[in-house]
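Visitor: My questions all concern the structure below.
The values are calculated or read from the model by the stated rules, or taken from the named source; none is laboratory data. Note that this is a predicted model, so its numbers are computed, not measured. Please note: Cβ atoms are built from the backbone with ideal geometry, for glycine as well, and neighbour counts cover all protein chains shown. Surface areas here come from the heavy atoms of the whole protein model, side chains and all, with no ligands, DNA or RNA. Shrake-Rupley method; radii C 1.70, N 1.55, O 1.52, S 1.80 Å.
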Amino acid sequence: MEAGLPADRSRLRRPDVPRAGTGIVHLGLGAFYRAHGAIYIAEAMEKSGGDWGIVGVSLVRPDQRDLLRPQDFAYTAVELGPGGEKPQIVSVISNVLVAPEDPKAVLDVLSVPTTRIVTLTVTEKGYCHEPSTGRLNRDHPDIRHDLASPGAPKSAIGFLVRALERRRAAGAKPFTVLCCDNLPENGRVVRGIVLEFAGLVDQGLAEWIEAEAAFPSTMVDRIVPATKPEDIERLADRTGVLDLSPVMHEPFRQWVVEDNFVDDLRPDLGAVGVELVLDVTPYEHMKLRCLNGTHSSLAYLGYLAGHETISDTVADPVFAAFVRRLWSNEIVPVLHAPPGVDLGAYTSSLFERYANPAIRHRTWQIAMDGSQKLPQRILGTVMESLTAGRMPRGLILAIAAWMRYVGGLDEKGQPIDVRDPLAAELRALSDGAVGAEEKVSALLGVGKIFPADLAGHAAFREALVKSYRGLIEKGAREMTKDVTNA
């Protein structure tokens, strides 16, 4: 029991309802999926039936399994709205496996024919790819391990390919791979990474996957702040039972899915509000750039300015004006709206979501893994703006703020706990350079993040140096005000 949590409560238990058979295995069982995809799937089964129960897989640590197992894998999802909290118990997960403890058990459940869909939320870094190119990072230590150890993979890609290899050998159909992470054209990207890895194993396997498997693209949207001890305590006081692994989420949710599944086998997602479409790309671009791009921008600048959460940040009129300028002047002009979507109304609704005081989404949490997020969230918009002859100074300031952030010291000289797979490399590059121009040049040289044509764009580089220097001399809030008012 963690300090400060109520010890006099009985533990949450699974409701006394029939269990569905396992149809879905989910890799990377974190808070987002439990607050989003798992709820949709539970609702689809309640509405239309089907054996679509979920086995979760933790790829790194046993924490989630250890918290959920005493609750028979049930948990509470708590909607945080301006009018109060609404809890519901979710019991669609039947088991959680921990891959490092028993990789064979994970391969076994992925290999059985009853597993028809594998969903993933392993974050951008979990695909072991180069964000700037979308290609498999063959030098990644997990990829090297998985190529050498077919029976005990570590990476999501290794598990997918080795399980598909087993299914092909057994004469079984492949499963559908449904990526739920914030990657542009995520189905196409994951398909390419899987095929590249499979080709290194067996070219015949790669050809079979290419011909028979399905990798639909998706767009997922719901703000899910990290659960804090006080959330657990408050929920226990309200319900009278102790749930050590609840998830908190905003009222809004959206899931857009390319309707492309092996043998058309899937839950009745359309019955519960999932948008099943032919082309997800416009929705992905809209969400990645309008929501995720501004979330990251506010995270780095807001953190440096001393704001703890996104709602705190947009409560500051300087940042409220800044994010509206990003949408109207820099992001929307290079977007193609999905059919029937008014981008002005969409961004207005995003601002309302950001300002929801019940959602304590920490800037530090959003700032994690920036090296993996910048290419799809911000750099694409910057490159398209430059091509169109516009200088996106707000987004350039956000990139400069990321560069300042990964340097590891805030505006008061206090250390920043930078969580990023390239944290040590980025810190070394920043520390090894003197002055704004050298630091920007060093970080732009990281080809895993910045494409060569962008890093070599003279006007972009000059604007980035100016922004970085301004952050040092004036601070994040004043620079944000200057850019907004320019």
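Visitor: Taking just the C-alpha trace of segment 373-486, give me its Rg and Dmax in Å.
Guide: In order Rg, Dmax, the Cα atoms of segment 373-486 give 13.4, 40 Å.
Visitor: Hey, another quick one. Quick one: the Cα spread of segment 362-428 along its three principal axes, in angstroms, biggest first?
Guide: Answer, in whole Å and largest first: 39, 26, 24 Å.
Visitor: Let me ask you something else. Once amide H atoms are built 1.01 Å from N in the peptide plane, which residues 5 or more positions from THR176, or in another chain, come under 5 Å H to H?
Guide: Those qualifying (amide H under 5 Å, at least 5 residues apart or on another chain) are ILE117, VAL118, VAL262.
Visitor: On the protein heavy atoms, probe 1.4 angstrom, tell me the percent of accessible surface of segment 394-472 carried by carbon and sulfur.
Guide: 53
Visitor: What ³J(HN,Hα) values, in whole Hz, does the Karplus curve 6.51 cos²θ - 1.76 cosθ + 1.60 give for segment 86-102 when θ = phi - 60°, with x put for Gly and Pro?
Guide: For segment 86-102, the Karplus curve yields 10, x, 9, 8, 10, 10, 7, 8, 9, 6, 10, 9, 10, 4, x, 6, 8 Hz.
Visitor: Follow-up. Over the alpha-carbon set of segment 297-387, divide Rg by the Kirkwood Rh and report the Rg/Rh ratio to two decimals.
Guide: Radius of gyration over Kirkwood radius for segment 297-387 works out to 0.97.
Visitor: In whole angstrom, how far apart do the alpha carbon centroids of segment 122-197 and segment 374-430 sit?
Guide: 28
Visitor: If you filter segment 334-371 for chymotrypsin sites (Phe, Trp or Tyr not before Pro), then keep DSSP loop positions with at most 16 other Cβ within 10 Å, what is left?
Guide: When the chymotrypsin sites (Phe, Trp or Tyr not before Pro) of segment 334-371 are filtered for loop state and at most 16 Cβ neighbours within 10 Å, nothing remains.
Visitor: Given a 1.4 angstrom probe, what's the average accessible area per residue across segment 5-111, in square angstrom?
Guide: 41
Visitor: Debye sum, Cα scatterers, segment 1-106, no solvent: what log₁₀ I/I(0) at q = 0.13, 0.15, 0.19, 0.22 1/Å?
Guide: Those come out to -0.52, -0.68, -1.05, -1.29, one per q.
Visitor: Only one of the listed values, [x] 22.5, 65; [y] 31.5, 107; [z] 23.5, 71, was derived from the coordinates as Rg and Dmax of the Cα atoms in Å; which label is it?
Guide: Looking at Rg and Dmax of the Cα atoms in Å for this model, the match is [x].
Visitor: I'd like the orientation of helix 393-406 relative to the chain: the angle between its Cα long axis and the longest Cα principal axis, in ° from 0 to 90, rounded to 10.
Guide: The angle comes out at about 70 degrees.
Visitor: Taking just the C-alpha trace of segment 68-147, give me its Rg and Dmax in Å.
Guide: Considering segment 68-147 through its Cα atoms, Rg and Dmax are 17.8, 52 Å.
Visitor: Pull up all non-local amide H partners of GLY81: gap of 5 or more, or a different chain, and H-to-H distance under 5 Å with H placed in the peptide plane.
Guide: Close amide H contacts, sequence-distant or interchain: LYS86.
Visitor: Relative to the longest principal Cα axis of the chain, at what angle does helix 293-304 sit, 0 to 90 degrees, rounded to 10?
Guide: The answer is roughly 60 degrees.
Visitor: Could you derive backbone 3J(HN,Hα) for segment 214-229 from the dihedral phi with the Karplus parameters 6.51, -1.76 and 1.60 (θ = phi - 60°), listing whole Hz in sequence and x where the residue is Gly or Pro?
Guide: 10, 10, x, 7, 9, 10, 10, 8, 5, 7, 10, x, 5, 6, 10, x
Visitor: Calculate how many DSSP beta bridges within the chain are antiparallel, expressed in % of all such bridges and rounded to the nearest 5.
Guide: Within the chain, antiparallel bridges account for around 35 percent of the total.
Visitor: With a cap of 16 neighbouring Cβ atoms within 10 Å, and only residues DSSP puts in a loop, list the chymotrypsin sites (Phe, Trp or Tyr not before Pro) found in segment 219-296.
Guide: In loop regions of segment 219-296 (DSSP not H, G, I, E or B), the sparsely surrounded chymotrypsin sites (Phe, Trp or Tyr not before Pro) are PHE252.
Visitor: Still on this structure, I have one more. Carbon and sulfur together cover what percent of the accessible area of segment 29-151 at a 1.4 Å probe radius?
Guide: Within segment 29-151, the accessible surface is 51 percent carbon and sulfur.
Visitor: Set the bar at 22 Å for Cα to Cα. Now go through LYS439/LYS474; LYS173/LYS287; LYS412/LYS481; LYS86/LYS228; LYS173/LYS373 and name every pair that lies beyond it.
Guide: Those over the limit are LYS173/LYS287; LYS173/LYS373.
Visitor: Under the rule that an exposed site lies in a DSSP loop and has at most 16 other Cβ atoms within 10 Å, name the longest stretch of the chain with no GluC sites (Glu not before Pro) of that kind, not counting the sites themselves.
Guide: It works out to 102-307.
Visitor: What trypsin sites (Lys or Arg not before Pro) in segment 96-194 are in a loop by DSSP, with at most 16 other Cβ atoms within 10 Å of the Cβ?
Guide: Those that pass, being in a loop and sparsely packed, are ARG135, ARG138.
Visitor: What is the Å³ per residue value for the convex hull set by the Cα atoms of segment 228-385?
Guide: 165
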